[in-house]
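The values are calculated or read from the model by the stated rules, or taken from the named source; none is laboratory data. These numbers come from a predicted model, not from an experiment. Cβ coordinates were reconstructed from backbone atoms using ideal geometry, including for glycine residues, and neighbour counts include every protein chain displayed.
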Amino acid sequence: MRTSDRTSLAAGIIIAAAVLWAGITSDMSAERLASSGGRIADFLGRMMPPDPSVMPEIWKGTAETLRIAVLGTLGAVILSVPFGLMASARLSPGWLSRPARFILALIRAIPLILVAMLMVGAVGLGPLPGVIAIAFHATGMLAKFYAEAIDGVAPAPIEAMESAGAGPMLRLRYAIWPQMAPVIARDTIFRFELNLRESLILGIVGAGGIGFYIQTYVRSFQYDKAASVTIAVALMVVIIEGVNALLRRRLS
């Protein structure tokens, strides 16, 4: 048996064992799922018809969610530029790029909700902790994208400028940036879409946005109002995703 075949077989056995272990140790049964149908139907029935009287709250929450996503993305871009430069193996020495990449991986490992809860405790309720949490958490991914965009450019223009005595910043400006600009724009737009989706749930921990109203209405058993907010959230996500897809196609 070839080495590649043995590797594939071992990987298949590990995956099958993991699925089997998860299925056996989880408290899952068809009976429980079948018995939940009535409760789900009752919950959905309480949400119908949606209550349109909450439109002022929907507009307010939607605007706040958009502000959190926009400002959080801006903060992430500002933080990601220096971190991306430091994490780039092409521009930075190993003693700098490796620790920078480790820090970015550590940031990505921290759940957004945990960051938001810490920020709520530090600066209080409202959109500010949401903006800080989004900016911090998104930097872990966006700076990694920026570093990979730098490392993925064609080396010939960089080597030509380096042989002419150009420093790192000149190489970045004239040899690297023209190649990576479309990738940077695409990744930033994609991250904004993710930030918008994540900011929708920050209201659950008091970090502002339309998620605050969903939590309020559900906890007070006003399911018809929660349904209206949920529909508004779904429409906003669909619209933003369509706009982002259009922008990404223009940039590709």
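Output yes when any residue across the range 195-204 is part of a helix (DSSP H, G or I), β-branched (Val, Ile, Thr) and surrounded by fewer than 19 Cβ atoms within 10 Å (Cβ to Cβ), and no when none is. Looking for residues that are part of a helix (DSSP H, G or I), β-branched (Val, Ile, Thr) and surrounded by fewer than 19 Cβ atoms within 10 Å (Cβ to Cβ), one finds at least one in the range 195-204, hence yes. Residues that are surrounded by 15 or more Cβ atoms within 10 Å (Cβ to Cβ) and either hydrophobic (A, V, I, L, M, F, W, C) or touching an Asp or Glu at 6+ places or on another chain (Cβ under 8 Å) (or both) within the range 161-184 comprise MET161, ALA166, ARG171, LEU172, ALA175, ILE176, MET180, VAL183, ILE184, listed in sequence order.
The rows are residues; the columns are (1) surrounded by fewer than 21 Cβ atoms within 10 Å (Cβ to Cβ); (2) of a type outside the set (A, V, I, L, M, F, W, C).
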site: THR73; (1), (2): no, yes
site: PHE83; (1), (2): no, no
site: LEU91; (1), (2): yes, no
site: SER97; (1), (2): yes, yes
site: GLY121; (1), (2): yes, yes
site: ALA138; (1), (2): no, no
site: TYR146; (1), (2): no, yes
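Within the range 237-252, identify whether any single residue is within 20 Å of PRO56 (Cα to Cα) and either among the aliphatic types (A, V, I, L, M) or buried (at least 17 other Cβ atoms within 10 Å of the Cβ) (or both), and answer yes or no. Yes: one or more hits. Among the numbered conditions (1) modelled with pLDDT of 90 or more; (2) in contact with a Lys or Arg (Cβ under 6 Å, 6 or more places away or on another chain), the only one that ALA87 does not meet is (1).
Is it true that MET161 is under 12 Å from the mean Cα position of the chain (by Cα) and either closer than 30 Å to TYR217 by Cβ or assigned to a helix (DSSP H, G or I) (or both)?
On the way: under 12 Å from the mean Cα position of the chain (by Cα): no; either closer than 30 Å to TYR217 by Cβ or assigned to a helix (DSSP H, G or I) (or both): yes.
Criteria not met by MET161.
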